[in-house]
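Here the structure is laid out as structure tokens; the discussion comes afterwards.
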Amino acid sequence: MTTRQLYYLVTIAEQSSLSKASAILGISQPALSKFLTDYEDSLGFLIFLRYRRQLTPTAIGRYILGCAQKILDEQTRMQQTIRALTDSNHIRIRLATAPNRGAIIYSRIYNEFSRRYPNVSLSLTELYASEQAGAIARGQIDIAIGSGTSSDKITDIPIAYEELLVSLPISHPLSNVEQIRLADLSDTPFVLQGKNHSIRILAEELFKEAGFNPVIAFESNDVILIDSMLHQAVGAGLVSHAHVFPCRELAYRPLDPPVNQTLHIRYPLGHTLTEPERYLAGLLIRERLSDSRYSAIPSSEVTDLLNCVNADSDSTSIANSPASDGTTITPPHVAPEINLNTQLLQYIIAIVDEKSLTRAAEKFYLTQPMLSRYLRNVESKLCTQLFTRVHNRLMPTNAGKVFVNSSRNILQFVMDMETHLHSYRIGHGGGIYLQCDFGLAKYIEEQIKRQFHDLFPDVKLFVSETSRHDIEESLQNASADFGLYFSCSPKHPVLECQIIAKSELVYCNPTQASMTKAQDAILLNRSISPGQVMLCQKGSSLREEQVRIFTDLYESPAEITCEANISILLHLAAEGIADSVLPVDQLSSEAAKRSIPFKQPQEYHLMLSHHPSRALPPSAKKLAQLLNKNLQTYFIKGK
């Protein structure tokens, strides 16, 4: 498979539609449909489920798409790096962030930016906020994100507040105080950031206002080291709320009065941001504001920059068009400029390993002119030379070293994917996967599995128990063939459901004395005071329905006196231990006498479900018949 075909898969997944994907990719829908069908046939399983003109990735499909995106991202990085090495006119944006944690921001936005603008390289420089304004004014940085005060030398757009907290060892006498007056810490040693750090600059002003010079037990420019020393209770510290993670060793308290730092997007004064720069700024703002510990500062500038990102995310069809700065905007749905395949990558790597075209060609049973044509074709598309001859040996140029390194990474991704797919084929060959609600697996193993094995000895039946939510999700992503579960709802918006058995949930009351009062309330659909209740085990469908009903019925949360499987609950209901909600057809005669139906009947179904787009083999259809036949009487008393 080529990188262009991988792009086809990713685009189909993004659009959930062959027609939309084909329009974006510029190929006909029948051609794209045939490509997908052929690829799925070659794999031996589906990677997309088709339902009502929507395509949804299966579980293994999501894995394949993840690998495809990794390969495409690696190719994009390779091309950007080669351009930066070989093209002095190549467009690049120089981004500055604060040291240490700034690298986290960069890693989170890099791939999304590169996919949107593959012809623009992005470089990172770590600078303290106090250094960013000077670097921007000197033309060393194009755009920055950092905290601190505004500067009149550059354009500053405030985007959020981050509150300053006091970090105290849990043993400190003020660790339980709601708010801390800094003056009350005059006798406490401090662990502080380096003098260029924005928090240290702000701290110096706060110490001056509080009227004391702190005892500095430790200081460092490394925020990770600062965090470590604070955890070792070396002293108090001042930290950003946005970088705080609660722990047992430290107490974090706000200052009295509260103190905030302002987070800014910065760029040269008088400069109009290019479209790639606006998109980058929007990504940075969105990434920071996704953390609820930041308080957004509303402004038209921030809204406009966020709209650049949101508009791109919502777009389903973008054509290449010139940007305001003359560059080309490459939408995320455009196929890669270079169409690579694993064989071609292996050829180039062999040239590096053998240091000779002749020996590399012999390794793959090619003629030297044929391999030479392959190499020239790649070099012409990259617009750069990958190899140079030194003393009759072929040696990679700097661009060649980058290409080969990325080629090795891509081949590793491909090998990992093929290994995983091989294991998947072995695990899913000739098998049917049935996921069922809690309490059903034992019966299926003992009664139905034996009958199924007699009919289909070569087909394995895999049975597992899980929650209704997980069953429905597995059916929708093709991790399971059938789902067998209980529900008060006879339908599902996506799945095809068959009701195998039906009962009704009723309110089980323990004593005859309280029954009249409860009955009146339930029949009139009124709330009642809660007593002690018994619930089915967590994760079961019956537990979900019980919680739903009790929440609607009771004025306040009930006291849970017992959590057990349904067979135990039925026995305890017969003994009148506590209130519960249970299927009426499974109650003993004594418990049934103390049961109360709801004004709005709560029908309770045993459902057999599967995805309507899945073509079921004869063995699966026979399994459905066996389940239907054997479980029709499930709710009969004594079952």
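The values are calculated or read from the model by the stated rules, or taken from the named source; none is laboratory data. The shown structure was predicted, so the numbers you read here are calculated from the model rather than taken from an experiment. Please note: Cβ atoms are built from the backbone with ideal geometry, for glycine as well, and neighbour counts cover all protein chains shown. Heads up: the accessible areas ignore ligands, DNA and RNA and are worked out on the full protein's heavy atoms, side chains in. Shrake-Rupley method; radii C 1.70, N 1.55, O 1.52, S 1.80 Å.
In the chain, what percent of the accessible surface is made up of carbon and sulfur (1.4 Å probe, ligands and nucleic acids excluded)?
Summing carbon and sulfur atoms, their accessible area is 50 percent of the total for the chain.
Check cross-link reach from K593 to the aspartates and glutamates: straight Cα distance under 17 Å, and skip same-chain residues fewer than eight apart. By straight Cα distance, K593 reaches E504, D520, E575, D579, D585. Amide H to amide H, with H built 1.01 Å from N, T125 comes under 5 Å of L95, A96, T97, counting only residues 5 or more places away or on other chains.
Partners of K153 within straight-line reach, counting lysines whose Cα lies under 28 Å from its Cα and excluding those fewer than 8 residues away in the same chain: K195, K208.
Once the 1.4 Å probe is applied to the protein heavy atoms, the chain comes out at 48 Å² accessible per residue. With the Cα gyration tensor of the stretch 427-638 giving a ≥ b ≥ c as the square roots of its eigenvalues, does the rule (a/c under 1.5 for rounded; else a/b larger than b/c for prolate; else oblate) give rounded, prolate or oblate? It is prolate, given that a/c is not under 1.5 and a/b is the larger ratio.
Among residues other than S123 whose Cβ falls under 15 Å from its Cβ, what is the net charge (Lys/Arg +1, Asp/Glu -1)? Around S123, the charge tally is 0. Accessible area per residue was computed with a 1.4 Å probe on protein heavy atoms; I636 scores about 100 Å².
Annotation note: chymotrypsin sites (Phe, Trp or Tyr not before Pro) in the stretch 1-75 located in DSSP loop regions with a Cβ neighbour count of at most 16 within 10 Å are F45. Taking all protein chains together and a 1.4 Å probe, the residues M229, M415 rank M415, M229 from largest to smallest accessible area.
With the simple model of a label 7 Å out from the Cα in the direction of the Cβ, S292 to C562 spans 3.8 nm. Under a model in which nothing but the beta-carbon of Lys, Arg (+1) and Asp, Glu (-1) is charged, the stretch 427-638 shows a dipole of about 460 debye around its Cα centre. Could you tell me whether the chain comes out rounded, prolate or oblate from its Cα gyration tensor? Rule is a ≥ b ≥ c as square roots of the eigenvalues, rounded for a/c under 1.5, then prolate if a/b exceeds b/c, otherwise oblate. In terms of gyration-tensor shape, oblate.
Paramagnetic label reach from Q412 (point 7 Å along Cα→Cβ; backbone nitrogen cut-off under 16 Å): within the stretch 340-379, residues 346, 349.
Residues C536, C562 ordered from highest to lowest accessible area at a 1.4 Å probe: C562, C536. Among the trypsin sites (Lys or Arg not before Pro) found in the stretch 195-251, those both in a DSSP coil and sparsely packed, with 10 or fewer other Cβ atoms within 10 Å of their Cβ, are R248. The count of lysine pairs in the stretch 434-512 whose Cα atoms are under 21 Å apart, excluding pairs fewer than 8 places apart on the same chain, comes to 4.
In terms of the Cα gyration tensor, with a ≥ b ≥ c the square roots of its eigenvalues, is the stretch 79-145 rounded because a/c is under 1.5, prolate because a/b exceeds b/c, or oblate?
Taking the square roots of the gyration eigenvalues as a ≥ b ≥ c, the stretch 79-145 is oblate.
Of all lysines in the structure, those lying under 20 Å Cα to Cα from K363, and not within fewer than 8 positions of it along the same chain, are K355. Taking GluC sites (Glu not before Pro) as exposed when DSSP calls them loop (any state but H, G, I, E, B) and at most 16 other Cβ atoms lie within 10 Å, what is the longest stretch of the chain free of them, the sites themselves excluded? In short, 338-554. For the pair the stretch 564-633 and the stretch 445-475, the centres of their Cα atoms are 18 angstrom apart.
With Cα atoms defining each centre, the stretch 261-314 and the stretch 337-358 are spaced 42 Å apart in the structure. Near N628: Cβ cut-off under 12 Å, other residues only, Lys/Arg at +1 and Asp/Glu at -1. The net charge is +3. Restricting the trypsin sites (Lys or Arg not before Pro) of the stretch 254-286 to loop positions (DSSP other than H, G, I, E, B) with no more than 15 neighbouring Cβ atoms within 10 Å leaves nothing. Computed with a 1.4 Å probe over protein heavy atoms only, the accessible area of I577 comes to about 90 Å².
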